[in-house]
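Participant: Please see the structure below; I have some questions.
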Number of protein chains: 2
Amino acid sequence: MINVAILGFGTVGSGVAEVIRKNSAHIDEKVSNQIRLKYILDVRDIPDSPFHDLIIHDFAVIENDPEVDVVVETIGGAKVALDFTRRALKAGKSVVTSNKELVAAHGYELLQLAREADVSYLFEASVGGGIPIIRPISQCLAANELTGITGILNGTTNYILTRMIRAGLSFEDALKEAQEKGYAERDPSADIEGWDACRKICILSSLAFGRHIYPGQVPTEGITGITLADVAYADSLQKKIKLLGRAVRRADGKVCAYVAPHLVSEESPLANVEDVFNAISVQGDAIGDVMFYGRGAGKLPTASAVVADVMDAARHIKTKKYISWAEGGPDAVFSADTVASRWYVRLEQGSGALDRFPGAETARRDGAPEGETAFVTADAYTRPALEEKLMGLKPQLIRVLD
Amino acid sequence: MINVAILGFGTVGSGVAEVIRKNSAHIDEKVSNQIRLKYILDVRDIPDSPFHDLIIHDFAVIENDPEVDVVVETIGGAKVALDFTRRALKAGKSVVTSNKELVAAHGYELLQLAREADVSYLFEASVGGGIPIIRPISQCLAANELTGITGILNGTTNYILTRMIRAGLSFEDALKEAQEKGYAERDPSADIEGWDACRKICILSSLAFGRHIYPGQVPTEGITGITLADVAYADSLQKKIKLLGRAVRRADGKVCAYVAPHLVSEESPLANVEDVFNAISVQGDAIGDVMFYGRGAGKLPTASAVVADVMDAARHIKTKKYISWAEGGPDAVFSADTVASRWYVRLEQGSGALDRFPGAETARRDGAPEGETAFVTADAYTRPALEEKLMGLKPQLIRVLD
């Protein structure tokens, strides 16, 4: 018998309870053991829930109950969740989470705590919702030296961009629609400013490259500056605008991670990832490119990833799981300002600037105001080099994914 | 120290040796142990290989050496490979393979042998080359009741179809080009007749649904009957022709697996899987659709999947790995003749037939001979029901993926 306690009965937490109850026969058979939900910690009583008899309000009950083997943390944030996760690990309980903010900010420390207590700290659900990505990177691609990760990591912004591209909605209208459909929160900042994608690329690059990359080390740009003019110009070049989280590993082992909109060729598999779907492409020396695709959020997909981790923790209750990475630091990273790429440039009055970029590919759109110029450079530039070349001008600049 | 023996120094076997040697520091660190290549079994001496000093010719040396922990079987086929795999497992050695033919035909038996000997039998590389798919299905999606699998499982046929669609090559010319590029073998039957895809869908459905599905239970149709006329008609409907391996699970637990060309909407992520790439889409009750994409073959991608399994076997040298399924049998499957779908129908003289399909969507192509008719039915039919409706006619029939 494996006893499970869920911390936080919100969307994901209640989804976890549902999946465990609904698929219990199947789950128990797969782990050759019985998984029992023993407690649900929440500040509310939730009398209408079928799980109301499991609700408790004091974390110490879970912490001090030697029967509890696995704690599912779906509280979110990095305050209470951090405290409870530390205490659960120290009490010898494996912890499973979907909390990307916590893993991105404190993953190294918590993995160390887990190792010391000889338990598991698992977070498959923290990136890509139900898409398997943490375990494939840590296990299936383990024979590779991984060199890069490129992902559409946030479903909300991908939905907004898809609606701008397909339906011609403005950013504001597309955001409003996403909110009406429940894809965006009332305060959408974490999504549209790129913070959510930032946390996810932190987790992926820490795992893939072996040292903790912290959110503060990841330059992050959202999609609030993307206009319908940019969408139209990109379309004339057979490209789509996508918000990407990227991480590249240099030969010296240092890593550069950043989040920014990119122009992506329609031929790229990433360009066809639409609506709220996510996709993560991983590059390795032996494997080439591998891509993982699916719903990046949602109650049941995310819950199913949490439950898969619970099952894994249950199977390994007496042996540790091998997720780990080393501490980060300023010497773990190099600056995105040294990463060259081709660029999309849009200027309100810029026909002269075009001459400075021989071979540039000019973009077109209907109804462009006189003098407006947009193009993609033929050569790759770092951002500082490009800005120097555009001295005095204040263009829209978007990287091109090649 | 984990000692490894490779059986068969062909493309994949030599790739495994290369990956182990090239990435050994990285690999040893990841498994917290030293992985050493001890023997390579081959009929040849291979004096020019950097691994020639490891070559032996007698399997009994490996079988009887208690130091050998993991045997990598990259011989292929189901004769010698079967004998050696049985003997290695019985001798208490974990076995890792890329041999889809063997797993599809004897997976149940070999997994049982592994369980009895308390060792691992792992075959991540048998499906999708380097794409992680076996472990994600068996572990990451474990909390789901899986309901279906749809995959582009064979890179050779996908390359041929891509060249027919993009370059307008005939099937014969595209095949010839694939052979020149090394994507197709001199005897291409296993690919173009769909047998390779058949073996892979057997492995995937056995794993996903829990009972062994044997190749003889999987109706298999290749791409030799696909013409440029079909490609053009599909294009007029914004669809592409793809060879798919499919498996669906009914509520009673029975499974239907089959391999056949399908018309796939250009909006489907599968339609954009081009050239030698593979993609596997898995449907589960909680997760929805998840897709895995990458190079489905090739020396290094496949070798890296084998080495990841070797690493996994090395980590679990004292605990078993939890891949298993139950024996199959006639009661494990239901007939593809009961699976309804929309159909693409092409008739040399068929304008009359169109009237029998109200609402059908008519396809067009330039230069069609007079009387030729092609359409997609509006309703779903089983194959027998469709053939009855087309009584007396001998049309081209291709399923539509909806």
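Participant: Take residue A:160 and decide whether it is at pLDDT 95 or above, part of a helix (DSSP H, G or I) and surrounded by 22 or more Cβ atoms within 10 Å (Cβ to Cβ).
Facilitator: Yes.
Participant: Condition first: closer than 18 Å to residue B:399 by Cβ and in contact with a Ser or Thr (Cβ under 8 Å, 6 or more places away or on another chain). Now tell me which residues in the range B:363-388 satisfy that.
Facilitator: Of everything in the range B:363-388, those that are closer than 18 Å to residue B:399 by Cβ and in contact with a Ser or Thr (Cβ under 8 Å, 6 or more places away or on another chain) turn out to be B:363, B:374, B:375, B:380, B:381, B:382, B:386.
Participant: Identify all residues within the range A:311-332 that are modelled with pLDDT under 95, among the hydrophobic types (A, V, I, L, M, F, W, C) and either on the phi > 0 side of the Ramachandran plot or assigned to a helix (DSSP H, G or I) (or both); write none if there are none.
Facilitator: Correct list: A:311, A:313, A:314.
Participant: Among A:104, A:60, which is the only one that is open to solvent by less than 60 Å² (accessible area, probe 1.4 Å) and in contact with a Cys (Cβ under 8 Å, 6 or more places away or on another chain)?
Facilitator: None of the other options fit; the residue is A:104.
Participant: For the range B:223-240, which positions are assigned to a loop (DSSP other than H, G, I, E, B) and away from every other protein chain (no Cβ under 14 Å)?
Facilitator: Selection gives B:223, B:224, B:225, B:226, B:227, B:237.
Participant: Among A:268, A:335, which is the only one that is of a type in the set (Ser, Thr, Tyr), open to solvent by 20 Å² or more (accessible area, probe 1.4 Å) and modelled with pLDDT under 95?
Facilitator: It is A:268.
Participant: Quick test for you: out of A:232, A:178, pick the one residue that is of a type in the set (A, V, I, L, M, F, W, C), more than 20 Å from residue A:138 (Cα to Cα) and open to solvent by 30 Å² or more (accessible area, probe 1.4 Å).
Facilitator: Sole residue among the options that is of a type in the set (A, V, I, L, M, F, W, C), more than 20 Å from residue A:138 (Cα to Cα) and open to solvent by 30 Å² or more (accessible area, probe 1.4 Å): A:232.
Participant: Can I ask one more? Would you kindly identify the helices (runs of 4 or more DSSP H) lying entirely within the range B:56-150 that contain at least 1 residues that are farther than 27 Å from residue A:142 by Cα and modelled with pLDDT under 95?
Facilitator: The helices (runs of 4 or more DSSP H) meeting that bar are B:100-117.
Participant: Taking only the range A:23-57 into account, find how many residues are out of contact with any strand residue (DSSP E or B) (no Cβ under 8 Å at 6 or more places or on another chain), open to solvent by 40 Å² or more (accessible area, probe 1.4 Å) and of a type outside the set (A, V, I, L, M).
Facilitator: Matching residues across the range A:23-57 total 8.
Participant: Here's something else I'd like to know. Take the range B:305-315 and flag every residue that is of a type in the set (Asp, Glu) and either at the interface with chain A (Cβ under 8 Å from one of its Cβ atoms) or out of contact with any helix residue (DSSP H, G or I) (no Cβ under 7 Å at 6 or more places or on another chain) (or both).
Facilitator: Of everything in the range B:305-315, just one residue is of a type in the set (Asp, Glu) and either at the interface with chain A (Cβ under 8 Å from one of its Cβ atoms) or out of contact with any helix residue (DSSP H, G or I) (no Cβ under 7 Å at 6 or more places or on another chain) (or both), namely B:312.
Participant: Shifting gears a bit: Of everything in the range B:1-22 that's out of contact with any strand residue (DSSP E or B) (no Cβ under 8 Å at 6 or more places or on another chain) and of a type in the set (D, E, K, R), which residue is modelled with the highest pLDDT?
Facilitator: B:18
Participant: I would also like to ask the following. So which strands (runs of 3 or more DSSP E) are wholly in the range A:241-304 and hold at least 2 residues that are within 12 Å of another protein chain (Cβ to nearest Cβ) and more than 23 Å from residue A:397 (Cα to Cα)?
Facilitator: The strands (runs of 3 or more DSSP E) meeting that bar are A:277-284, A:288-295.
Participant: Which one is surrounded by the most Cβ atoms within 10 Å (Cβ to Cβ), of the residues in the range A:117-154 that are in contact with a helix residue (DSSP H, G or I) (Cβ under 7 Å, 6 or more places away or on another chain) and of a type in the set (D, E, K, R)?
Facilitator: A:124
The values are calculated or read from the model by the stated rules, or taken from the named source; none is laboratory data. Keep in mind it's a predicted model, so treat the numbers as computed, not measured. All Cβ positions, even for glycine, are placed from backbone atoms using ideal geometry, and neighbour counts span all protein chains on display. Heavy atoms of the whole protein, side chains included, go into the accessibility calculation; ligands, DNA and RNA do not. Shrake-Rupley method; radii C 1.70, N 1.55, O 1.52, S 1.80 Å.
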